[in-house]
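Trainee: Just passing along the structure, written as structure tokens.
The values are calculated or read from the model by the stated rules, or taken from the named source; none is laboratory data. Worth saying up front: this structure is predicted, and the values here are computed from it rather than measured. Cβ: placed from backbone, ideal geometry, glycine included. Neighbour counts: every protein chain shown. Surface areas here come from the heavy atoms of the whole protein model, side chains and all, with no ligands, DNA or RNA. Shrake-Rupley method; radii C 1.70, N 1.55, O 1.52, S 1.80 Å.
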Amino acid sequence: QIRYSIPEELTRGAFVGNIAKDLGTDVAKLAAANLQVLSDSDSQYFSVNVNTGVIMVSERIDREQLCGQNPRCFLHLKLAIENPVEFYRIEVEILDINDNPPEFPSDEVSLRIYELASLGARFPIQPAQDPDVGTNTLQTYHLSANENFNLNVKARTDGGKFPELVLERALDRELRAFHHLVLTAEDGGSPPQSSKIRITIQVLDANDNHPVFDRPSYGARLVENSPLGTLVVKLNATDVDEGPNGDIRYSLSSHNSAALRQIFAIDEQTGEIRVQGNLDFEEATVYEIEVEAKDMGSPTMEEHCSVVVEITDVNDNAPEVILTSFSSSLSEDAPPGTVVAVIHVRDRDSGEQGRVQCHVSPDLPFQLRKDYEHQYSLLTSTRLDREHVAYYNVTISASDLGSPPLSRHTTLPIALADVNDNAPQFEQASYEVLVAENNPVGSVLVTVSAADPDSEQNSRLSYSILRAGGTDPGLDPTRYLSIHPTSGQISAKLPFDYEQTTYLQFHVEVSDGGSPALRNRTLVHVFIVDQNDNAPRVHFPRAGEDSATQFRISPSTAPPALITKVVAIDADSGRNAWLSYHLVEATDPGLFSVALRSGEIRIMRALQETDASAHELLVVVRDAGEPPLSTAVTLVVLVEERGPEALQGSEARATDGGGLPTVTLYLIVSLALISTV
């Protein structure tokens, strides 16, 4: 085995060794022995000149490529010769030269170090790589001058050297946010080679500063009932930290009440406090809002401040009317000055805006009396009359002294309770009734009607019939009439007979249901209207049943002598008693005549010897009623020499008959006597 040593990176053709010399063989013999160089590698780095026996470099040799970091690097060759066949092993050691400087992976490296990193903290830097070996490889590092970091080179057992930055002085990002260093790597070659890397250190912010408000406290003034969204104040807090550590969020402190949180809201980004609820001076005049500003660091840091909001009162509350005592029913006879209601008024506003004045309409019989501040009494001012006005709606108006004033109206319904202070009144002072005689029993003759302006029991009326003063005691109206106690209908209990009763007068009394009851009367005149219900009655000449009355006249009686007179009376009146006399039948119709109205029978001509000695006359007495009624009487006139003589036994036929009143009888007798004379 033959060994050679050559440095790397020799040029082609460079001398490696003389095999012939080293083997002690003649060069010619080597050429004749068919010398061949065989390499263990794929590349033929060497060649042999068979004429000189010199081994030369045929290709570039890079030790770092061939052997890397191995401290020793060898290439192995085999020499083969023939006649006889022999093999020789040649070992060529490739020696390192300082042909590579140390190289960092990059030209620049960035480190991020928290400003609160503890002193002595180490921050490894990626080492430089030098493919050379031995003294030509990386030997040391150098760090540029600075105030905060030192360099520490950590050696490994394999010979590697790793640089580390060691924090010697505390960092403060707020003072210096970036540090720029230069790290130099140097090998041990001659001359030495080196390379540099720029180190940029970014000092990462640590949340070491809390937010700071620009003022320790804030103040604002708002009017109550400010609209939603009204800006109260804009807070401003700063944090010298950066990133999340300097990112501030605003919020209302948990010390605030839930009610306050419903009234105010804060924008967490801008710090604007705005109104989100109803501001009411009457509930609170001042609000003190606790606000906190937090950064987004970990852990978070916070700062607190207070915002004092003063509320200015406006006239936004109408007066309130509260009934302390109230009676909705009032007796109509209540004297003036009677207390109807006691009223309490209040206004939640302050100052003049909270002062209240009350009044009622002067057109009502009521007035307000101010008892003391905030209390009034509602009194009656005049006499009351339920029948004139039964119900009052009393409106109480309460107004404050604000500008503009606010008012509230409260209506009290007051009903007047009835007192029996009104007697019933008939619709007519008197009633006149015409009733046809022979009226049916139970028929309603008239309805009397009265009214009572009182109400309920005081207006419930009851009717009764009283005998009028000066009336014939025999004509008791209750005998003929009855009255319905509630409707006032007067009905007939018996049929009237005009011939007996022509007129009734009585009082109807009405009384109410009050206590004591009040009464009133009206006078009722009942006039009986005659009906043609009586036929004429012959009172002269009188005749018995089935007989005729005879009269005697002298044959020498000269016309127009009065023979006799038929006297009849009709108990009816008016046309019903207007009688007419008619000669219906006669023995000699032309001899006698009857006066139509007087009933006188006269001879119409002188008697003759040929005339009959007895003449029968049928006289009918008829009234003017509708239909007419009549009565017939038969007279026999005897012609004799003796004077006339009335004979009993005349026959009287009547369609109807009846007793005559006493006065009528006297009248008939008088007429008969006069006629006789």
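Trainee: Which condition number in (1) assigned by the TED database to the domain that holds Ser462; (2) open to solvent by 80 Å² or more (accessible area, probe 1.4 Å) is the one that Pro405 fails?
Mentor: Failed condition: (1).
Trainee: Go through the stretch 485-500 and give me each residue that's open to solvent by 10 Å² or more (accessible area, probe 1.4 Å) and part of a loop (DSSP other than H, G, I, E, B).
Mentor: Once the filter is applied, which keeps residues that are open to solvent by 10 Å² or more (accessible area, probe 1.4 Å) and part of a loop (DSSP other than H, G, I, E, B), the stretch 485-500 yields Pro485, Thr486, Ser487, Lys493, Leu494, Pro495, Asp497, Tyr498, Glu499, Gln500.
Trainee: Please go through the stretch 534-587 and pick out each residue that is surrounded by 21 or more Cβ atoms within 10 Å (Cβ to Cβ), part of a loop (DSSP other than H, G, I, E, B) and not hydrophobic (A, V, I, L, M, F, W, C).
Mentor: Asn534, Pro536, Pro541, Asp570, Asp572
Trainee: Then there is this: Give just the number: which of (1) open to solvent by 50 Å² or more (accessible area, probe 1.4 Å); (2) within 28 Å of Asp172 (Cα to Cα) does Ile113 not satisfy?
Mentor: So Ile113 meets the others, but not (1).
Trainee: Determine whether Val510 is under 16 Å from Ser430 (Cα atoms), of a type in the set (Val, Ile, Thr) and either in contact with a Lys or Arg (Cβ under 9 Å, 6 or more places away or on another chain) or open to solvent by 50 Å² or more (accessible area, probe 1.4 Å) (or both).
Mentor: Answer is yes for this residue.
Trainee: Then there is this: Test Asp96 against the stated conditions and say whether it is of a type in the set (Asp, Glu) and either out of contact with any strand residue (DSSP E or B) (no Cβ under 9 Å at 6 or more places or on another chain) or closer than 17 Å to Asp132 by Cα (or both).
Mentor: yes
Trainee: Just checking, does the stretch 242-263 include any residue being out of contact with any Lys or Arg (no Cβ under 8 Å at 6 or more places or on another chain), within 23 Å of Glu174 (Cα to Cα) and small (Gly, Ala, Ser)?
Mentor: Yes, the stretch 242-263 contains a residue that is out of contact with any Lys or Arg (no Cβ under 8 Å at 6 or more places or on another chain), within 23 Å of Glu174 (Cα to Cα) and small (Gly, Ala, Ser).
Trainee: Here is a follow-up. Hey, can you tell me all the residues within the stretch 588-607 that are farther than 30 Å from Gln531 by Cα, open to solvent by 70 Å² or more (accessible area, probe 1.4 Å) and touching a strand residue (DSSP E or B) at 6+ places or on another chain (Cβ under 7 Å)?
Mentor: Arg602, Met604
Trainee: Let me ask another. Inside the stretch 609-629, can you point out the residues that are more than 12 Å from Asp588 (Cα to Cα) and modelled with pLDDT under 85?
Mentor: Glu609 - this is the single residue of the stretch 609-629 that is more than 12 Å from Asp588 (Cα to Cα) and modelled with pLDDT under 85.
Trainee: Among the residues of the stretch 375-402, write down those that are among the aliphatic types (A, V, I, L, M) and surrounded by fewer than 15 Cβ atoms within 10 Å (Cβ to Cβ).
Mentor: Once the filter is applied, which keeps residues that are among the aliphatic types (A, V, I, L, M) and surrounded by fewer than 15 Cβ atoms within 10 Å (Cβ to Cβ), the stretch 375-402 yields only Val389.
Trainee: Another question, if that's okay. Quick one: in the stretch 116-132, of everything that is open to solvent by less than 30 Å² (accessible area, probe 1.4 Å) and more than 26 Å from Gly68 (Cα to Cα), which residue is farthest from the chain's Cα centre (by Cα)?
Mentor: If we take residues in the stretch 116-132 being open to solvent by less than 30 Å² (accessible area, probe 1.4 Å) and more than 26 Å from Gly68 (Cα to Cα), then Ala121 is farthest from the chain's Cα centre (by Cα).
Trainee: What number of residues within the stretch 437-459 satisfy the criterion of being over 19 Å from Ser331 (Cβ atoms), of a type outside the set (S, T, N, Q) and surrounded by 15 or more Cβ atoms within 10 Å (Cβ to Cβ)?
Mentor: The number of residues fulfilling the criteria is 5.
Trainee: Name the residues in the stretch 163-193 that are of a type in the set (A, V, I, L, M, F, W, C) and surrounded by fewer than 17 Cβ atoms within 10 Å (Cβ to Cβ), would you?
Mentor: Val166, Ala170, Leu175, Ala177, Phe178, Val182
Trainee: Also, I was wondering about something else. Looking at the stretch 5-46 only, could you name the residues that are assigned to a strand (DSSP E or B) and over 18 Å from Glu82 (Cα atoms)?
Mentor: Within the stretch 5-46, Ser5, Ile6, Pro7, Phe15, Val16, Gly17, Asn18, Phe46 qualify.
Trainee: Does the stretch 409-418 contain at least one residue that is modelled with pLDDT under 90, part of a loop (DSSP other than H, G, I, E, B) and open to solvent by 40 Å² or more (accessible area, probe 1.4 Å)?
Mentor: No, that holds for no residue.
Trainee: Taking the condition assigned by the TED database to the domain that holds Val307 and surrounded by 13 or more Cβ atoms within 10 Å (Cβ to Cβ), does Asn278 pass?
Mentor: Taking the combined requirement at face value, the residue does not satisfy it.
Trainee: Of all residues in the stretch 317-351 being over 30 Å from Thr380 (Cβ atoms) and in contact with a helix residue (DSSP H, G or I) (Cβ under 9 Å, 6 or more places away or on another chain), which is least open to solvent (accessible area, probe 1.4 Å)?
Mentor: Taking the candidates together, the pick is Asn317.
Trainee: Name the residue, out of Ser298, Ser331, that is among the small types (Gly, Ala, Ser) and not assigned by the TED database to the domain that holds Ser254.
Mentor: Ser331
Trainee: Is there a residue being surrounded by fewer than 18 Cβ atoms within 10 Å (Cβ to Cβ) and assigned to a helix (DSSP H, G or I) anywhere in the stretch 79-94? Give the steps one after another, and end with the answer.
Mentor: Initial filter on the stretch 79-94 (surrounded by fewer than 18 Cβ atoms within 10 Å (Cβ to Cβ)): 80, 82-89, 91, 93.
From the residues that got through so far, the ones that are assigned to a helix (DSSP H, G or I) too are none.
No, because not a single residue in the stretch 79-94 is surrounded by fewer than 18 Cβ atoms within 10 Å (Cβ to Cβ) and assigned to a helix (DSSP H, G or I).
Trainee: Okay, moving on. So, Val446, is that one closer than 29 Å to Gly574 by Cβ, in a strand (DSSP E or B) and under 60 Å from the mean Cα position of the chain (by Cα) or not?
Mentor: Criteria met by Val446.
Trainee: Scan the stretch 456-484 and report the pairs whose first residue is basic (Lys, Arg) and in a loop (DSSP other than H, G, I, E, B) and whose second residue is crowded, with 17+ Cβ neighbours inside 10 Å and modelled with pLDDT of 90 or more, with Cβ atoms within less than 9 Å and a gap of 6+ or a chain change.
Mentor: Here the result reads Arg460/Asp452; Arg460/Asp512, each pair linking the stretch 456-484 to a residue that is crowded, with 17+ Cβ neighbours inside 10 Å and modelled with pLDDT of 90 or more.
Trainee: Another one. Scanning the stretch 365-383 for residues that are in a loop (DSSP other than H, G, I, E, B) and either at pLDDT 90 or above or outside the structural domain of Ser325 (by the TED database) (or both), which turns out farthest from Pro336 (Cα to Cα)?
Mentor: Keep residues of the stretch 365-383 that are in a loop (DSSP other than H, G, I, E, B), which gives 365, 373-374, 381-383.
If we keep only those that are either at pLDDT 90 or above or outside the structural domain of Ser325 (by the TED database) (or both) too, we end up with 365, 381-383.
Working: Pro365: 9, Ser381: 5, Thr382: 5, Arg383: 6 Å.
That would be Pro365.
Trainee: Just name the residue that is farthest from Asp295 (Cα to Cα) out of those in the stretch 194-209 that are aliphatic (A, V, I, L, M) and either modelled with pLDDT under 90 or surrounded by fewer than 18 Cβ atoms within 10 Å (Cβ to Cβ) (or both).
Mentor: Val203
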